[in-house]
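Have a look at the structure below, then the notes.
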Amino acid sequence: MEATLTFLGAARNVTGSRYLLEFGGSRILVDCGLYQEREFLERNWEPFAVPPASISAVLLTHAHLDHCGFLPKLVREGFKGKVYCTQASAEIAEIALLDSAHILMEDAKYKKRRHAREGRKAPYPEVPLYTDEDARISFHRFRRCRFDRRLEVAQGVYVTFRDAGHILGAAHLKIDLEQDGEQRTIVFSGDIGRWHRPILKDPAVFEEADYLVMESTYGDRLHEDPEDLDTMVEDVILSTKRRGGNVVIPSFAIGRAQDLLYCLNHLFLEDRIPHIMVFMDSPMAIRVTEVFRRHRELFDREARHLIDEGNSPFSFPSLKMTPTSHDSKAINYIRGTVIIIAGSGMCTGGRIKHHLANNIDRPESTVLFVGYQAEGTLGREIVDGKKQVRILGKVHPVKAHIVQVHGFSAHADREELLKWVSAIKQPPRRVFVTHGEPEASRTFAAALRKKEWDVYVPEYGLTARLD
Ligand SMILES: [Zn+2]
C-alpha cells in the first residue's frame, strides 16, 4: 500500500491547516484553512501546491477560518469536488466565510485608497482574496455528514467524523484507506476540545491509528481550573456593579460568545449575580447562537437537562440581542451597570471599538478579556497595560479595570492532549505533531517520545510516505 501526506499548512505554525492525502490516484485535502499569521499571509496568494481541479474531495474538521477559510479561493481556482463536513460545521462555515469575505473586501478597498493616496505599490494585490459571491458559490460544494457514520469519499477512502468537543460540529477524522485487502487508518485530530466543559460533549478518543496527525496549540501550557473561571467572572461583575460601571467583553463570535452566555446564565440561576442586562452586540455571534439553538442534539447532558427544565442558556430574561447598529447605539444611553458582549475578539474591528471608546476611560468600568490576544492587536495593547490607546482615530487614556481570564479556551491543554492521545493502545507507525508554534510542537513531541513512539514535527511542504 502506498499513500503520501503533504503538509501544506499548520506545520510549525497555527493557521492555514491544509493536509494533502494522495492515495490510489485520488487527492483528498483535509482542511482548507486560511493563513492568518502576518508572516505567512503571502501563502494565501501563492498558486496552490497542486491544481485545485485535480483534488477529488475536501474534508473539513470544523468551521474556524484557519481550517475552512481558504475554501472560496480553492473553488474559484477550479476545485470541482465535494466538501464533506458535519451539518453544524456547514452552517457555521457559511456564516464565517461570508464574514471573512466582507472583511477581505473592506480591507482591499481601504488598501487601494490608502496606496493611491500615498502613491505606492503594495506587495500583495489590492483585490480581495475572495468575494462574498465566491463564498456563496463554494457553499454548493458542501455535503453535510452525520457523526459516527462511515462514508466513502473516493475509491478506497472512507471517512468517519467523530465529535471533537472543540466548537459546535467540530470533528476528529478517522480515514480508512483500503487496497487489495490491506487497510491503514489515519486519524486527524483537528482541534481537540476539552473534558467537562459546558454545552459541548467531551472529545471522542481513538483506540487505534496507524498514523496520527495531531494538533499541539497548547502543547506546552496548562489552563486555569474551570471552577475558578465562574468565580472570576462573578467577582468582575459584582465589583464593577459596586463601582457603577459597565462590563465590556470582547468576544469571538463562534463558541466563546455562547460559552459566556452559558456562564452568565449559570451565575444568574444560582443567584450569584444580580439580574443586570446582558447585550449580545454582534450580528455574527447572534447568527451563530441561532445555529446552537438548532443543534441541541450536539449538547452534553447538563446543557440538555437545563433546556428540558425550560432554562435555555441562550435566551434568559435579562439577555438582549442587538442585531442592528441602531439597537447597538441605544446601549450607550442606559444608566447603571450592563454587560456588553461584542466582537471582534481581539478588538481589531466591529462594534467592540465603540464600546471601548465609551468605557475605557471610565475607572468604574471593566474590560474583561476572555480570549487570546495576538501581537499587534488593540486587545494586546490593552492587556499589555498601555496607558493610552488609539480607538477609532482618537487617543483614549486607559482607566477602566482590565481583567484577562484564560480558562475559556476551546483547546485542550498539554495534560488534556496527553489524556486524549493515551487512549491509543498500540504505538502508531508514526505521529505527526502539527498546528502549534514551533516551541509548543517541539515540547509536545518530546512528551510523546517518552512513550517510545515515532514522533515527527513536519515542516511546511514536507511529503511523508505512509506505507
Ligand atoms: Zn478551531
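Below is a table of values for the structure above.
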{"quantity": "In the range 174-197, the residues that are open to solvent by less than 10 Å² (accessible area, probe 1.4 Å), away from the ligand (no atom under 14 Å from the Cβ) and closer than 24 Å to Asp413 by Cβ", "calculated": "Val187"}
{"quantity": "Identity of the residue in the range 65-92, hydrophobic (A, V, I, L, M, F, W, C) and touching a Ser or Thr at 6+ places or on another chain (Cβ under 6 Å), that ends up surrounded by the most Cβ atoms within 10 Å (Cβ to Cβ)", "calculated": "Leu71"}
{"quantity": "Test: residue in the range 368-375 that is modelled with pLDDT of 95 or more, outside any loop (DSSP other than H, G, I, E, B), of a type in the set (A, V, I, L, M) and surrounded by fewer than 20 Cβ atoms within 10 Å (Cβ to Cβ)", "calculated": "no"}
{"quantity": "Counted residues, the range 200-218 - those being open to solvent by less than 40 Å² (accessible area, probe 1.4 Å), part of a loop (DSSP other than H, G, I, E, B) and more than 15 Å from the ligand (Cβ to nearest atom)", "calculated": "3"}
{"quantity": "Residue under evaluation Leu20, criteria (1) assigned to a helix (DSSP H, G or I); (2) free of Cβ contacts under 8 Å to residues at least 40 places away in the same chain; (3) closer than 22 Å to Gly436 by Cβ, criterion not met", "calculated": "(1)"}
{"quantity": "Selection from the range 334-349 of residues that are open to solvent by 30 Å² or more (accessible area, probe 1.4 Å) and under 30 Å from Phe299 (Cα atoms)", "calculated": "Ser344, Met346"}
{"quantity": "The range 377-429, subset within 16 Å of the ligand (Cβ to nearest atom) and among the aliphatic types (A, V, I, L, M), residue surrounded by the most Cβ atoms within 10 Å (Cβ to Cβ)", "calculated": "Ala412"}
{"quantity": "Test for Arg146: is it of a type outside the set (Gly, Ala, Ser), open to solvent by 50 Å² or more (accessible area, probe 1.4 Å), within 16 Å of the ligand (Cβ to nearest atom) and modelled with pLDDT of 95 or more", "calculated": "no"}
{"quantity": "Selected residue [touching a residue at least 40 places away in the same chain (Cβ under 8 Å), open to solvent by less than 10 Å² (accessible area, probe 1.4 Å) and either within 15 Å of the ligand (Cβ to nearest atom) or in a helix (DSSP H, G or I) (or both)] from Gly9, Gly33", "calculated": "Gly9"}
{"quantity": "Residues (in a helix (DSSP H, G or I) and within 18 Å of the chain's Cα centre (by Cα)) located in the range 54-71", "calculated": "Leu65, Asp66, His67, Cys68, Leu71"}
{"quantity": "The range 65-87, residues that are in contact with a helix residue (DSSP H, G or I) (Cβ under 8 Å, 6 or more places away or on another chain) and either within 16 Å of the ligand (Cβ to nearest atom) or closer than 26 Å to Arg149 by Cβ (or both)", "calculated": "Leu65, Cys68, Gly69, Phe70, Leu71, Leu74, Val75, Phe79, Lys80, Val83, Cys85"}
{"quantity": "Test: residue in the range 265-288 that is farther than 20 Å from His64 by Cβ and free of Cβ contacts under 8 Å to residues at least 12 places away in the same chain", "calculated": "yes"}
{"quantity": "Filter result for Glu364 (outside any loop (DSSP other than H, G, I, E, B) and either modelled with pLDDT of 95 or more or open to solvent by 60 Å² or more (accessible area, probe 1.4 Å) (or both))", "calculated": "no"}
{"quantity": "Identity of the residue in the range 36-64, at pLDDT 95 or above and within 16 Å of the ligand (Cβ to nearest atom), that ends up most open to solvent (accessible area, probe 1.4 Å)", "calculated": "His64"}
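The values are calculated or read from the model by the stated rules, or taken from the named source; none is laboratory data. Note that the coordinates shown come from a computational prediction; the quantities given were computed from them, not determined experimentally. No Cβ is skipped: glycine too gets one built from the backbone with ideal geometry, and neighbour counts run over all protein chains shown. What goes into the accessible areas is simple: the full protein's heavy atoms, side chains included, and nothing from ligands, DNA or RNA. Shrake-Rupley method; radii C 1.70, N 1.55, O 1.52, S 1.80 Å.
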